[in-house]
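Undergrad: This is the structure I want to talk about, given as structure tokens.
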Amino acid sequence: MKEDTNNIIEVRGLKKHYLKGKIKALDGIDIDIERGKVTVIIGPSGSGKSTLLRSLNLLELPTDGIIEFNGVDINGKKVDINRHRQKMGMVFQHFNLFPNMTILKNMTIAPMKLKKVSKAQAEEQAMGLLKRVGLADRANDYPSQLSGGQKQRIAIVRALCMEPDVMLFDEPTSALDPEMVGEVLQVMKDLAETGMSMVVVTHEMGFAREVANKVVFMDEGVIVEEGTPEEIFNNPQSDRLKDFLAKVL
Amino acid sequence: MTKNNKLKKILITVGVIVVVLAAVVGGLYLSVSRTAEIPSSDEAAVLVSNAIDSMYGKNSAVAKEISEDIELKINDIEQDGTGCLINVTIDSADIGALLETHLDEIVALDDGTVKSDELKASINEKVVSLLPTTEKTTATVDIICADVDGTWKVYKSEELADAVYPGLYKFNQDNSESEVKAVKRLLTLTDIKIDKSEPDTRNWIQRSVDELKAQFKLNFITDGRWKMIVNGLLTTLEITGVSLVIGVVLGIIVAAIRASFDKNNDEMKKRGGIGYGIMSFLNGICKIYLTVIRGTPVVVQVLIYYFIIFKSLSNGTLVAMLAFGINSGAYVAEIFRGGIMSIDNGQFEAGRSLGFNYVQTMCHVVIPQVFKAVLPTLCNEFIALLKETSIVGYVGEVDLTKAGDLIRGRTFSAFMPLILVALVYLALVMLLTFLVSRLERRLRKSERRHE
């Protein structure tokens, strides 16, 4: 464990190939995720940004490369990935709440089963988090009774229940009605202010500009440019980034 | 609004049912009551007196006199099945007095069979002592009339004879001493004719009901045959229940192996080690199991288990349980595998991202949802299993079907036992369907509460 390093995740030479190398979703990625900072990954569709994010907790199995999480290469052979995933919260585009459980059960099942937290303790923690996102009164409802924005806020606090070291967001607002995007981004902003390490794949350039500490622009499986929001949005270097920004801004 | 509509629908349904029932009952009533018109009081009197006249033989002068001296009073005539019932009050002749006046004639009528004078004297004495001393009596009897091709035929019963010839008819029937025989001959009453059997005035409904009752008694009550049905039912339930459990357990294991291999083999391949080899071996075994079991008829499987594999096992029920359990497992496995594959991969990823391993994700997240998704299909499989067990008769097990068939073989009547067996299966399946639909409703609670 290299506790002294400032990076919570260090990725070196990450590759993800399909069809025996014919398709290269990721083609040699090096990236550092700083502890306590917000890293936003942007890029056009099919650029590999989601694949990169999903590779960080091995939902996508890389073809090659090193992913050091808290100083351990979790892409190695003898690693218990499940233990590391407990420390990496993930939020999906389509929420992926468990439809057969109440909101409270959605949030408490992982801590109770994996960390052996008592039911009372897990529920107390869950209720605290629900209050933070203003959904304490929905604790005993089922996911189908919530709006998209509410579901995504629940998905965020469900991940937080495991007290992760880093949160991965995979296009968290892409499946939402426009009017619900704000409430979810607000929760993420609040979360960033608490000093949570975050990696966010998003198309919300406003959010990237406002909240990110570092912005990474990807295209065709490689990182084209990275820097502060200032550098990326106001002073793009590459033609591809300029082209991309011209289209989305 | 919807509630009102529902109520309306129910009311209409009930209304239609009532109308149909009324039509059926009315039709039946009409068809039953469509017989010859019952006779009027006068016609009845004629019918009865004709019947009484036809009771005595040609030579029975005394009987004729007695029967001519009676008085009839028709009280009531009512429909009874296809016939009618005439209630009549009969005032008899004063038989004692009549016999008294005829005594000389009676004794003189000696037809020469009695030879000895001594005996003649004793008979004379006997006759006097034996003669009934009945006086005028009044009796009320019900007389059955049957409709024979549109005309009424009166049934001459013992009761009627006794009312017309009070004392005498019984006297005629009861005694058998030789002297009495002679007296009877002297009285010329021996040939009072009555009808031997009661006419069948039942209409077709009564007749069918009686027939069914008799059949029921023959097939289920006699020799305690109902016990065969009950024992057969227990055997069926036993085999179905145990093979259901075997099938579900086996099916879940096989489905888990197959689905894990399909879903998880990339990860295992990457991690390497012996795990991947074991899984791919198990997956192969499961595939062979599914192919063989689903590719051969269950009857053949049962026969193979019974006569080849478990040849030494004398317990046929156990063999049947195993056979059906292993058979059902294959179908349940495919049902469950389909269910697992139908669950959105996002659910799986959400579970894994929280830190659950593959098995925990399956148990805590996927399987509960799968169960809900496959319940209707699974219910179908259970129903099919219940009915499939009816073939265990092939290996000498007496289940419900075999029990019904055995009764059929013994009573030579197929209707009752086979229909009953069918009804029992039907009731079981309906009960099962009802229970599963209730369970389904409860499981669906989370989906139903849309706002």
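The values are calculated or read from the model by the stated rules, or taken from the named source; none is laboratory data. Because the structure is predicted, anything quoted here is derived from the model rather than measured. FYI the Cβ positions are ideal-geometry reconstructions off the backbone, even for glycines, and counts take in every protein chain you see. These area figures cover heavy atoms from the full protein model, side chains too; ligands, DNA and RNA do not enter into them. Shrake-Rupley method; radii C 1.70, N 1.55, O 1.52, S 1.80 Å.
Undergrad: Select the helices (runs of 4 or more DSSP H) contained entirely in segment B:368-451, then report the ones holding at least 1 residues which are farther than 26 Å from residue B:252 by Cβ, open to solvent by less than 80 Å² (accessible area, probe 1.4 Å) and more than 14 Å from chain A (Cβ to nearest Cβ).
TA: B:400-411, B:415-443
Undergrad: Right, here's the next one. Quick check: anything in segment B:57-65 part of a helix (DSSP H, G or I), open to solvent by 60 Å² or more (accessible area, probe 1.4 Å), modelled with pLDDT under 90 and under 25 Å from residue B:151 (Cβ atoms)? Before you say what the answer is, go through the steps one by one.
TA: Taking segment B:57-65 first, the residues part of a helix (DSSP H, G or I) are B:61-65.
Imposing the further condition that a residue be open to solvent by 60 Å² or more (accessible area, probe 1.4 Å) reduces the set to B:61, B:64-65.
So of that shortlist, the ones also modelled with pLDDT under 90 come out as B:61, B:64-65.
Now narrow it down to the ones that are under 25 Å from residue B:151 (Cβ atoms): B:64.
Yes, there is a match, as at least one residue in segment B:57-65 is part of a helix (DSSP H, G or I), open to solvent by 60 Å² or more (accessible area, probe 1.4 Å), modelled with pLDDT under 90 and under 25 Å from residue B:151 (Cβ atoms).
Undergrad: Could you tell me which of the residues B:85, B:103, B:98 is at pLDDT 75 or above and part of a helix (DSSP H, G or I)?
TA: B:98
Undergrad: Hey, among the residues in segment B:352-367 that are more than 7 Å from chain A (Cβ to nearest Cβ) and of a type in the set (Val, Ile, Thr), which one's farthest from residue A:98 (Cα to Cα)?
TA: This residue is B:359.
Undergrad: Only one residue in B:334, B:349 is in contact with a Leu (Cβ under 8 Å, 6 or more places away or on another chain), within 14 Å of chain A (Cβ to nearest Cβ) and in a helix (DSSP H, G or I). Which one?
TA: Every option except B:349 fails the conditions.
Undergrad: Can you tell me which of (1) buried (at least 22 other Cβ atoms within 10 Å of the Cβ); (2) more than 19 Å from residue A:135 (Cα to Cα); (3) facing chain B (nearest Cβ under 7 Å); (4) not basic (Lys, Arg) is the one residue A:88 doesn't meet?
TA: (3)
Undergrad: From A:159, A:136, grab the single residue that is small (Gly, Ala, Ser) and within 11 Å of chain B (Cβ to nearest Cβ).
TA: A:159
A quick yes/no check of all residues on (1) open to solvent by 60 Å² or more (accessible area, probe 1.4 Å); (2) within 14 Å of chain B (Cβ to nearest Cβ); (3) farther than 25 Å from residue A:229 by Cβ:
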{"position": "A:8", "(1), (2), (3)": "no, no, no"}
{"position": "A:11", "(1), (2), (3)": "no, no, no"}
{"position": "A:25", "(1), (2), (3)": "no, no, yes"}
{"position": "A:33", "(1), (2), (3)": "no, no, no"}
{"position": "A:42", "(1), (2), (3)": "no, no, no"}
{"position": "A:56", "(1), (2), (3)": "no, yes, no"}
{"position": "A:78", "(1), (2), (3)": "yes, yes, yes"}
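Undergrad: On to the next question. Output yes when any residue across segment A:203-212 is within 14 Å of residue A:35 (Cα to Cα) and among the small types (Gly, Ala, Ser), and no when none is.
TA: Pass one, segment A:203-212, residues within 14 Å of residue A:35 (Cα to Cα): A:212.
Now drop any that are not among the small types (Gly, Ala, Ser), which leaves A:212.
Checked segment A:203-212: at least one residue is within 14 Å of residue A:35 (Cα to Cα) and among the small types (Gly, Ala, Ser).
Undergrad: Which condition from (1) open to solvent by less than 40 Å² (accessible area, probe 1.4 Å); (2) touching a residue at least 60 places away in the same chain (Cβ under 8 Å) is the one that residue A:67 breaks?
TA: Only one criterion is unmet by residue A:67, namely (2).
Undergrad: Then there is this: Going residue by residue through segment A:65-75, is there one that turns out to be more than 8 Å from chain B (Cβ to nearest Cβ), among the acidic types (Asp, Glu) and farther than 17 Å from residue A:9 by Cα?
TA: Taking segment A:65-75 first, the residues more than 8 Å from chain B (Cβ to nearest Cβ) are A:65-75.
Within this subset, residues satisfying the condition of being among the acidic types (Asp, Glu) are A:68, A:73.
Add one more test, that the residue is farther than 17 Å from residue A:9 by Cα, and what stays is none.
No: zero hits.
Undergrad: Is it the case that segment B:336-349 has a residue that's hydroxyl-bearing (Ser, Thr, Tyr) and open to solvent by less than 50 Å² (accessible area, probe 1.4 Å)?
TA: Within segment B:336-349, not a single residue is hydroxyl-bearing (Ser, Thr, Tyr) and open to solvent by less than 50 Å² (accessible area, probe 1.4 Å).
Undergrad: Please work out which residue is farthest from the other protein chains (Cβ to nearest Cβ), limiting yourself to segment A:102-125 and to residues that are among the aliphatic types (A, V, I, L, M) and open to solvent by 10 Å² or more (accessible area, probe 1.4 Å).
TA: A:120
Undergrad: Turning to a different aspect of this structure: For segment B:261-306, which positions are within 40 Å of the chain's Cα centre (by Cα) and loosely packed, with under 12 Cβ neighbours inside 10 Å?
TA: If the condition is that a residue be within 40 Å of the chain's Cα centre (by Cα) and loosely packed, with under 12 Cβ neighbours inside 10 Å, then B:295, B:297, B:300 are the ones that fit.
Undergrad: Next up: Scan segment B:350-367 for residues that are open to solvent by 30 Å² or more (accessible area, probe 1.4 Å) and β-branched (Val, Ile, Thr) and jot them down.
TA: Within segment B:350-367, B:359, B:367 qualify.
Undergrad: Filter segment A:37-54 down to the residues that are among the polar types (S, T, N, Q) and either in a strand (DSSP E or B) or in contact with an Asp or Glu (Cβ under 9 Å, 6 or more places away or on another chain) (or both), then identify the one that is farthest from residue A:204 (Cα to Cα). Walk me through it before giving the result.
TA: Here is the first cut: in segment A:37-54, the residues among the polar types (S, T, N, Q) are A:39, A:45, A:47, A:50-51.
This time we only want the ones that are either in a strand (DSSP E or B) or in contact with an Asp or Glu (Cβ under 9 Å, 6 or more places away or on another chain) (or both), so: A:39, A:47, A:50-51.
Details: A:39: 13, A:47: 16, A:50: 15, A:51: 18 Å.
Among residues in segment A:37-54 that are among the polar types (S, T, N, Q) and either in a strand (DSSP E or B) or in contact with an Asp or Glu (Cβ under 9 Å, 6 or more places away or on another chain) (or both), the one farthest from residue A:204 (Cα to Cα) is A:51.
Undergrad: Residue by residue through segment A:127-153, note down the ones that are assigned to a helix (DSSP H, G or I) and more than 20 Å from the chain's Cα centre (by Cα).
TA: Listed by number, the residues that qualify are A:127, A:128, A:131, A:136, A:137, A:138, A:143, A:144, A:145.
Undergrad: Within the set of pairs 6 or more residues apart or between chains, which connect a residue that is under 19 Å from residue A:163 (Cβ atoms) inside segment B:348-363 to a residue that is hydroxyl-bearing (Ser, Thr, Tyr) with Cβ atoms less than 7 Å apart?
TA: B:351/B:361; B:352/B:361
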